1. Out of everything in segment 186-198 that is at pLDDT 95 or above and closer than 17 Å to LEU27 by Cβ, what residue ends up being surrounded by the most Cβ atoms within 10 Å (Cβ to Cβ)?
2. Starting from residues that are assigned to a helix (DSSP H, G or I) and in contact with a helix residue (DSSP H, G or I) (Cβ under 7 Å, 6 or more places away or on another chain), keep the ones in segment 211-236 and report whichever is modelled with the lowest pLDDT.
3. Would you call ASP87 farther than 16 Å from GLU145 by Cα, of a type in the set (D, E, K, R) and under 22 Å from the mean Cα position of the chain (by Cα)?
4. Looking at VAL141, VAL92 in this structure, which one is assigned to a loop (DSSP other than H, G, I, E, B), in contact with a strand residue (DSSP E or B) (Cβ under 8 Å, 6 or more places away or on another chain) and of a type outside the set (D, E, K, R)?
5. Tally time: how many residues in segment 147-162 are surrounded by fewer than 18 Cβ atoms within 10 Å (Cβ to Cβ), farther than 16 Å from ILE193 by Cα and not charged (D, E, K, R)?
6. Can you tell which of ALA82, ALA56, ALA100, ALA63 is among the small types (Gly, Ala, Ser), outside any loop (DSSP other than H, G, I, E, B), out of contact with any Lys or Arg (no Cβ under 9 Å at 6 or more places or on another chain) and touching a residue at least 24 places away in the same chain (Cβ under 8 Å)?
7. Are any residues in segment 97-138 surrounded by fewer than 15 Cβ atoms within 10 Å (Cβ to Cβ), farther than 28 Å from GLY233 by Cα and basic (Lys, Arg), and if so, which ones?
8. Can you name the number of the only condition in (1) without any contact (Cβ under 8 Å) to a residue 12 or more places away in the chain; (2) under 30 Å from LEU166 (Cα atoms); (3) part of a loop (DSSP other than H, G, I, E, B) that ASN20 fails?
Amino acid sequence: MNVLLTRPFSQVKPLEALVNERGHQALLFPTLKIEALKSSPLKERYDAVIFISANAVEYGLEALSSLDHRHDKIFAVGSATAKKLNDYGFKVDAFPQAKASSESLLAMPEVGELSDKDILIFRGKGGRETLREGLGKNNIVEYIEVYERTQCKVVPLHQTSLTQFLQSDQGVITITSVESLSTLISMVEQMDIKVLQSIKQYPLVVLSDRIKTYAQSVGFYKVEVAPQTNDEGLMQAIEFIL
């Protein structure tokens, strides 16, 4: 079975290997590329730092290492982000165990009850405002934007993968962010607008209810949310559909 993978090329290898190991055909269609941004914290010490993604850890490592960590708390938006911090030797004080999202993080007592604190949020450029809105009423909240995602140029790999994917009426598309899906639509329109309606007939596997809601709003009707926000969760959802 064909599985169209839309993750950035630099980050898709583990999922590609997992799909192929399970007997399916992984086809690469990267929609976004990730580029580092030069950013520095405004202060040397914060009461709490929050990471909204594993990318925020990867690209924010230099800035994180420059901070005074004697009294701060470190929070992550989900298990994958927490693992990335642990891999680099940073202890995570709390993260949502069941569901990775800003809303789940805010619902945790350790985060929701923060008051009169200086908080630094590591994120990508142009991220959601949910955490600042939730924490800004009782705290001083700053962002540090350490990476940005930009649309990939259409290259022969995209045409080859899309052509092979459309040769079968059975297949699955994986989507890991709203931006990834909107970019997929834009790229398919650029390649051949007549194909867009065909793409919408295939099921999507996504990482959150928010992505599912967006997917349905733009015309995708078969959308399965992964039970876990990691590669294994995506794989479980793929095999549930197939």
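The values are calculated or read from the model by the stated rules, or taken from the named source; none is laboratory data. Bear in mind that the values here come from a model prediction, so they are computed numbers and not experimental data. Cβ sites come from the backbone with ideal geometry, for glycine too, and all protein chains shown count toward neighbours.
1. Looking at residues that are at pLDDT 95 or above and closer than 17 Å to LEU27 by Cβ, I get VAL188.
2. Among residues in segment 211-236 that are assigned to a helix (DSSP H, G or I) and in contact with a helix residue (DSSP H, G or I) (Cβ under 7 Å, 6 or more places away or on another chain), the one modelled with the lowest pLDDT is ASP231.
3. Yes.
4. When all the criteria are applied, what remains is VAL92.
5. Adding up the residues that qualify gives 6.
6. ALA63
7. The answer is LYS137, and nothing else.
8. With (1) without any contact (Cβ under 8 Å) to a residue 12 or more places away in the chain; (2) under 30 Å from LEU166 (Cα atoms); (3) part of a loop (DSSP other than H, G, I, E, B) applied to ASN20, the lone miss is (3).
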